[in-house]
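All remarks here apply to the structure that follows.
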Amino acid sequence: MGETQGQGVRVAMSILYTVHVDLGPRSYPVYIGHDILMEVGDLFRRHTLGRKMAVVSDENVARLYLGEVVEALREAEYKPVPVVVPPGEASKSVEVADRIYEHLILARLDRGSTVVALGGGMVGDLAGFVAATFLRGIAFVQLPTSFLAFVDASVGGKVAVNHRLGKNLIGAFHQPRFVAIDVAVLRTLPERELRAGLVEAVKHSVIRDEELFGFLEENVERLLAGEASPELWAELVARNVRIKAEVVSQDEREESGLRMILNYGHTVGHALETLTGYSRFLHGEAVALGMVAAGAIAQEKGLLSSEDRSRQDRLLSKFPLPGMEGISDDEVFEQMHSDKKVREGMVRFVLARRIGCVEVREDVEEDEVKKGLEAVRKFLKKA
Ligand SMILES: NC(=O)c1ccc[n+]([C@@H]2O[C@H](COP(=O)([O-])OP(=O)(O)OC[C@H]3O[C@@H](n4cnc5c(N)ncnc54)[C@H](O)[C@@H]3O)[C@@H](O)[C@H]2O)c1
Ligand SMILES: [Zn+2]
């Protein structure tokens, strides 16, 4: 329980962790706590933001939380303008962004105003894109509500909308002024979304933090059943945000290649999502299978021990996952190569050397990919 100073009012808030994202002049804190959404006005005051702000949300999240956030902001004497978009990835588009610009212009937001994202990663990316581009960029705040957005999408400043020819192709880097994560909202997050988000936590642990991997092994059943205590959720989120913050602060714009390691499991994962028209797998589910493939490839290359690979597969086997029916190895291989982000025909793989340590490789051969996919099929049969 922390205490904080408002404008003359002392407000008690349950902020349990504050993680700093270290980016020089663009540094910002990520507050993690319980029931902090209704007191969010106080956090805004700490950050000297202008009075006018657009609060962007999707219909699902708006129904549950927009009222209380808008009220908290009004109480703190801000002038929030709510903007609600339809839920789903299709809203992450230039067209919907254009509708949001219209709201901002009509409400006379100016360079001193703020765009606040209240929602999952879709809302965060869309609202962030609007914040990055409106009047050449205005202040941005993230109030993430999905587990995936807690541990991944809300931190790091990547904002984007999709193009009909590919996902996330139109975007920018635009860091938020702060991120406030209220684990209480997990209560209403659909279970499948929660589980898929947890896969990104497994990813973080394999790339950077064996201790976190152990924490997940110990608590996975409770977490998957949504039965962990708020304190446990907050601890898990903080550990993950620290990893993401560390990686991002060393490679903000994906220049040194370090940030690439966050794509562990994503090479095959993206191919599976695309091949099934984003309808069979949630993102995290596809990434889980991608990690199984990457584990097998790493072992094949003599990088990863069979013990560590089995340890990863054992943890991932606790997650209920859709199957690979109707997807051929050749299709996956071709899809990986046609990915819009593939540079000069080289497909990049992040491969583990052990739990907690990975490297980026461009030398994965077709037969190794096929061995990886074979391993995925075996893994699914056992599950
Ligand atoms: N910017 C980044 O670094 C980054 C990283 C990873 C993913 N992403 C992006 O994030 C998006 C996926 O994010 P997501 O998985 O959060 O999807 P999402 O935002 O679509 O949310 C998933 C579903 O859960 C609902 N929801 C969210 N929070 C809820 C809550 N507390 N209670 C009830 N319902 C709730 C939403 O309305 C939606 O229907 C993708 O667009 C992806 O590209 C961005
Ligand atoms: Zn991901």
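The values are calculated or read from the model by the stated rules, or taken from the named source; none is laboratory data. Worth saying up front: this structure is predicted, and the values here are computed from it rather than measured. Quick reminder, even Gly has a Cβ in these numbers, built from the backbone with ideal geometry, and neighbours come from all protein chains shown.
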Restricting attention to the stretch 51-66, does a residue exist that is over 24 Å from the mean Cα position of the chain (by Cα), assigned by TED's automatic domain parsing to the domain that holds residue 172 and aliphatic (A, V, I, L, M)?
-> no
Tally, over the stretch 190-204, of residues that are within 18 Å of residue 32 (Cα to Cα) and either touching a residue at least 60 places away in the same chain (Cβ under 8 Å) or not in a helix (DSSP H, G or I) (or both) | 3
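Tell me, which strands (runs of 3 or more DSSP E) wholly within the stretch 112-189 include 1 or more residues that are within 16 Å of ligand 2 (Cβ to nearest atom) and surrounded by 24 or more Cβ atoms within 10 Å (Cβ to Cβ)?
Details: elements: 114-119, 139-144, 158-163, 166-173, 178-182.
Where strands (runs of 3 or more DSSP E) fall fully within the stretch 112-189 and carry at least 1 residues being within 16 Å of ligand 2 (Cβ to nearest atom) and surrounded by 24 or more Cβ atoms within 10 Å (Cβ to Cβ), they are 139-144, 158-163.
Can you name every residue in the stretch 100-111 that is more than 16 Å from ligand 1 (Cβ to nearest atom) and in a helix (DSSP H, G or I)?
Initially, the stretch 100-111 is screened for residues more than 16 Å from ligand 1 (Cβ to nearest atom), giving 101-111.
Correct list: 101, 102, 103, 104, 105, 106.
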Scope the stretch 213-252; condition under 19 Å from residue 188 (Cα atoms) and of a type in the set (S, T, N, Q); matching residues | 229
Is it the case that some residue within the stretch 197-217 is touching a helix residue (DSSP H, G or I) at 6+ places or on another chain (Cβ under 6 Å), more than 22 Å from residue 308 (Cα to Cα) and not basic (Lys, Arg)?
-> yes
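Is it true that some residue in the stretch 137-156 is near ligand 1 (Cβ under 10 Å from one of its atoms), hydrophobic (A, V, I, L, M, F, W, C) and either in the same structural domain as residue 263 (by TED's automatic domain parsing) or in contact with a Phe, Trp or Tyr (Cβ under 6 Å, 6 or more places away or on another chain) (or both)? Break it down into steps so the answer makes sense when it comes.
Of all residues in the stretch 137-156, those near ligand 1 (Cβ under 10 Å from one of its atoms) come to 142, 144-156.
Subset that is hydrophobic (A, V, I, L, M, F, W, C): 147-151, 153, 155.
Narrowing further to those that are either in the same structural domain as residue 263 (by TED's automatic domain parsing) or in contact with a Phe, Trp or Tyr (Cβ under 6 Å, 6 or more places away or on another chain) (or both): none.
The answer is no; no qualifying residue exists.
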What are the residues in the stretch 39-61 that are surrounded by fewer than 16 Cβ atoms within 10 Å (Cβ to Cβ) and within 15 Å of ligand 1 (Cβ to nearest atom), if any?
-> 59
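Against the definition (among the hydroxyl-bearing types (Ser, Thr, Tyr) and over 25 Å from residue 356 (Cβ atoms)), how does residue 256 come out, yes or no? Write out each step before concluding.
On the way: among the hydroxyl-bearing types (Ser, Thr, Tyr): yes; over 25 Å from residue 356 (Cβ atoms): no.
In short, no.
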Give me a count of the residues in the stretch 311-349 that are among the aromatic types (Phe, Trp, Tyr) and at pLDDT 95 or above.
-> 2
How many of the residues in the stretch 272-310 are in contact (Cβ under 8 Å) with a residue 40 or more places away in the chain, of a type in the set (D, E, K, R) and within 13 Å of ligand 1 (Cβ to nearest atom)?
-> 1
Listed residues 334, 362; which is under 20 Å from residue 206 (Cα atoms) and without any contact (Cβ under 8 Å) to a residue 60 or more places away in the chain?
-> 362
Conditions (1) outside the structural domain of residue 257 (by TED's automatic domain parsing); (2) touching a His at 6+ places or on another chain (Cβ under 9 Å); (3) within 9 Å of ligand 1 (Cβ to nearest atom): number failed by residue 196 = (1)
Which ones in the stretch 125-182 are hydrophobic (A, V, I, L, M, F, W, C) and at pLDDT below 95?
-> 165
For residue 293, which of the numbered conditions (1) at positive phi; (2) crowded, with 23+ Cβ neighbours inside 10 Å fails to hold?
-> (1)
Among the residues of the stretch 311-331, which ones are without any contact (Cβ under 8 Å) to a residue 12 or more places away in the chain and acidic (Asp, Glu)?
-> 325, 330
Pick from the stretch 250-271, criterion farther than 23 Å from residue 281 by Cβ and in contact with a helix residue (DSSP H, G or I) (Cβ under 9 Å, 6 or more places away or on another chain), ranking: farthest from ligand 1 (Cβ to nearest atom) = 256
